[in-house]
Amino acid sequence: IGQVSEVLKAQGGQLILPVALLHVAAFGLGYWLSKFSSFGESTCRTISIECGMQ
């Protein structure tokens, strides 16, 4: 990160939305795919968190 700090300062604002959308989509997809696979609620939430944080 230290090598590209100037790039991040200049372009960081443009990266926030796509990165946030990626994580939100991963949380949702992880939850709903596990829900459709008939897992319990706590398992669905756990899978969602794992997918979103990856």
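Filtering GLY12, GLY52 for residues that are touching a Phe, Trp or Tyr at 6+ places or on another chain (Cβ under 8 Å), modelled with pLDDT under 95 and either surrounded by 10 or more Cβ atoms within 10 Å (Cβ to Cβ) or part of a helix (DSSP H, G or I) (or both) leaves a single hit, GLY52.
Find the residue count for the range 1-35, including only residues that are closer than 17 Å to GLN54 by Cα and touching a helix residue (DSSP H, G or I) at 6+ places or on another chain (Cβ under 7 Å). Total meeting the criteria: 7. Please work out if PHE27 is at pLDDT 95 or above and surrounded by fewer than 14 Cβ atoms within 10 Å (Cβ to Cβ). Judged against the criteria, PHE27 is not a match.
The values are calculated or read from the model by the stated rules, or taken from the named source; none is laboratory data. Just so it is clear, the model here is predicted, and its values are computed rather than measured. Here Cβ is always computed from backbone atoms with ideal geometry, including for glycine, and neighbour counts include all displayed protein chains.
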